[in-house]
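Note sheet for the following structure.
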Amino acid sequence: MTNRINIHKTNKLGIAAVLGMEAYNRRGMDAGLKELVVLRASLLNDCRYCIAMHRRDATKRGETAERLDAVADWPQHRELFTPAEQVALEFTDAVTRIHGEESVPDELYDRVQAAFGEAGTGHLLLTIATINVWNRLAISTRMDPATLEP
């Protein structure tokens with residue numbers, strides 16, 4: 001097996017830039033909604049490290065196990081999520097699975113803006129983009145969820 005780099009040590013300035021995005025995202029979104037969104041993107045990307053971390057963080061914030069479990073298949077459990085959470089999760093799906101201009105339809109974008117406004121839509125989009133960066137870094141370097149502190 002190839003030894004993977006510790007990107008936090010080898011590319012400190014790059015990680016600092018991603019951490020800057022993360023800090024910005026924390027100021028712009030409800031913390032509970034943020035955890036649902038980043039958990040959903042991490043599930044879509046199958047990032048075991050980020051799934052474990054965000055389940056832990058959401059639990060610490062008081063999120064229920066039922067809702068956290070339901071994030072994996074949220075359209076089948078819509079009743080557990082508010083309308084704003086539903087549109088945020090749908091937007092997360094579209095942005096994370098992006099594959100061209102039609103990946104995020106105008107109709108969905110309009111619903112996101114109606115729910116969150118322009119600035120809130122920007123915060124949501126930046127949060128989704130940031131977790132996708134983290135997922136790709138964690139998966140590519142094989143970050144181990146067993147190394148997470150409880």
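Here is how the numbers come out for the structure above:
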| quantity | calculated |
| --- | --- |
| Electrostatic dipole magnitude of the chain [Cβ: Lys, Arg +1; Asp, Glu -1; Cα centre; debye, to 20] | 920 |
| With every protein chain in place, the stretch 45-124: carbon and sulfur % of accessible area (1.4 Å) | 50 |
| Candidate aspartates and glutamates for bridging to Lys9, where Cα separation is under 13 Å - those fewer than 8 sequence places away on the same chain excluded | none |
| Calculated on alpha-carbon atoms, Rg and Dmax of the stretch 1-54 in Å | 13.4, 41 |
| Size of the stretch 31-145 as Cα extents on the principal axes (Å, biggest first) | 38, 30, 25 |
| The chain - percent relative contact order, Cα under 8 Å, separation 6 or more | 37 |
| Under 5 Å, built H, 5+ apart or other chain: amide partners of Met29 | none |
| Rounded to 10°, Cα long-axis angle of helix 48-60 versus longest principal axis of the chain | 60 |
| Per residue accessible area in Å² of the stretch 31-145, where ligands, DNA and RNA are left out and the probe is 1.4 Å | 49 |
| Nearby lysines by direct alpha-carbon distance to Lys34 (threshold 20 angstrom, same-chain neighbours under 8 apart not counted) | Lys60 |
| Exposure of Phe116 as accessible area (Å², to 10), given a probe of 1.4 Å and all protein chains | 50 |
| The chain: angle of helix 106-140 to the longest principal axis, Cα-based, in degrees nearest 10 | 20 |
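The values are calculated or read from the model by the stated rules, or taken from the named source; none is laboratory data. Because the structure is a prediction, the values reported are computed rather than measured. Ideal geometry is used to build each Cβ from the backbone, glycine not excepted, and the neighbour counts take in all protein chains shown. Areas reflect the complete protein model, heavy atoms only, side chains present, ligands, DNA and RNA absent. Shrake-Rupley method; radii C 1.70, N 1.55, O 1.52, S 1.80 Å.
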